[in-house]
Amino acid sequence: MLNIEPIHAYSDNFIWAITKTSEQSLFVVDPGQAEPVIAYIKQHALQLKGILITHHHWDHTNGVEKLKQIYPDAIVYGPKNSPFKGTDVKLIQGDNLNILGHMFNITETPGHTLDHICYYTDDILFCGDTLFSAGCGRLFEGTPTQMFQSLQKISTLPATCKIYCTHEYTLDNLTFAKTVEPNNVNLTQYLKEVIHKRNNDINTIPTSLCVEFKINPFLRSLNPDNQFVIPNEFKNTNNKPESSFTSLRQYKDNF
Ligand SMILES: [Zn+2]
């Protein structure tokens, strides 16, 4: 079994640390800063074997150069077609990657950025800034259609899948979720749990796909039966399957 722990970076970033019981090898996901990773390595006497990158944004990649200087044997994995040039092994849709004896499958999920990829194995998903708890990434580079299709890909994973995204945005996202689905009782309950966790400085991540299907408006917009309260100015009236998603994203961007 893999152990996955958060290393905190910046104000709300998670750098995910992947280890295996009784082994010293470490993989990290999206090291936006080197210093907290170096401290973690020293604290647990680990060896950095590899770095997984989900997309090129600075808060996911800025620590790579320094980590490579200190740990030159660590291999950097990341998307093939990316503005980030620090990768050793370039990955595309369908590639498989052996991490500590577990085979991770690569899925391309453009939307937040065009180069975005996710890493999936055994009910574990590292999804960077594609899916958040109760939210999804902003569309900096991709189209609503691309992001909708990326979320569709994620939605086909087992409902038990744990979602390791890169930011603790849950509480803010829930304010929006409650606004667009005021009668969703699952949201009311989840909000209570999240307020309790945050008041006690407990992370809300990882979340799981089955929780997100109940409370995440962007994931719920994949199902045309779900209706949302959206002001007319943000309503997208085309009849495409992603129409609801597009409206939600536009509203959230202006919320
Ligand atoms: Zn990003």
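Quick note: the coordinates plus some simple rules give every number you see, no bench work behind them. Keep in mind the model is a prediction, meaning the values are calculated, not measured. Heads up, the Cβs are rebuilt from the backbone with ideal geometry, glycines too, and the neighbour counts pull from every protein chain shown.
Count the DSSP beta bridges whose two residues both fall in region 123-216, then state the antiparallel fraction as a percent rounded to the nearest 5. Can you show the working numbers first?
Working: 4 of 8 bridges.
That works out to approximately 50 percent antiparallel.
Once you order the gyration tensor axes a ≥ b ≥ c over the Cα atoms, which shape class does region 191-242 get: rounded for a/c under 1.5, otherwise prolate or oblate by comparing a/b with b/c?
Taking the square roots of the gyration eigenvalues as a ≥ b ≥ c, region 191-242 is prolate.
Of all DSSP beta bridges located in region 1-95, what percent are antiparallel, nearest 5?
Working: 11 of 22 bridges.
Just about 50 percent of them are antiparallel.
Of the peptides 88-100, 4-16, how do they stack up when ordered by the mean number of other Cβ atoms within 10 Å, highest first? Please report the intermediate quantities before stating the final value.
Details: 88-100: 14.2, 4-16: 17.5.
The packing order, highest mean first, is 4-16, 88-100.
Which whole number of Å³ per residue matches the convex hull of the alpha-carbon atoms in region 1-73?
Numbers: hull volume 6.0 nm³, N = 73.
In region 1-73, the Cα hull volume divided by residue count equals 82 Å³.
Can you tell me which of 72-78, 129-135, 231-237 comes out highest on packing, and rank the rest after it, using the mean Cβ neighbours within 10 Å? If you can, show how the numbers build up before the last one.
Working: 72-78: 16.6, 129-135: 26.3, 231-237: 12.0.
Final packing ranking: 129-135, 72-78, 231-237.
When the convex hull of the C-alpha atoms of region 34-174 is computed, what volume per residue in Å³ does it have?
On the way: hull volume 17.6 nm³, N = 141.
Given the Cα convex hull of region 34-174, per-residue volume reads 125 Å³.
Counting other beta carbons within 10 Å of each Cβ, put Arg198, Arg249, Arg220 in order, fewest first. Walk me through the numbers before you get to the answer.
Working: Arg198 14, Arg249 25, Arg220 22.
Going from least to most buried by this count: Arg198, Arg220, Arg249.
With unit charges on the beta carbon (Lys/Arg positive, Asp/Glu negative), name the residue among Thr145, Pro83, Thr54 whose Cα is farthest towards the positive pole of the charge dipole of region 23-168.
Of the options given, the answer is Pro83.
Output the Kirkwood hydrodynamic radius of region 131-255, Cα pairs only, in Å rounded to one decimal.
Mean inverse Cα-Cα distance, inverted, gives 14.7 Å.
Per-residue ellipticity at 222 nm for the chain, helices alone: DSSP H runs ≥ 4 residues times -39500 (n - 2.57), over residue total, nearest 500 deg cm²/dmol?
Details: 9 runs with 81 residues, N = 255.
The per-residue figure over the chain is -9000 deg cm²/dmol.
By count of other Cβ within 10 Å, fewest leading, how are Tyr251, Tyr190 ordered? Intermediate results must be reported in sequence, preceding the final value.
Numbers: Tyr251 21, Tyr190 24.
In order of increasing Cβ crowding within 10 Å: Tyr251, Tyr190.
Normalized C-alpha radius of gyration of the chain, against 2.2 N^0.38 Å?
Numbers: Rg = 18.1 Å, N = 255, 2.2 N^0.38 = 18.1 Å.
That works out to 1.00 for the chain.
Take the cross-link list Lys49/Lys214; Lys197/Lys240; Lys214/Lys235; Lys162/Lys197; Lys85/Lys240 and give me the ones stretching past 29 Å between alpha-carbons.
Lys49/Lys214; Lys197/Lys240; Lys85/Lys240
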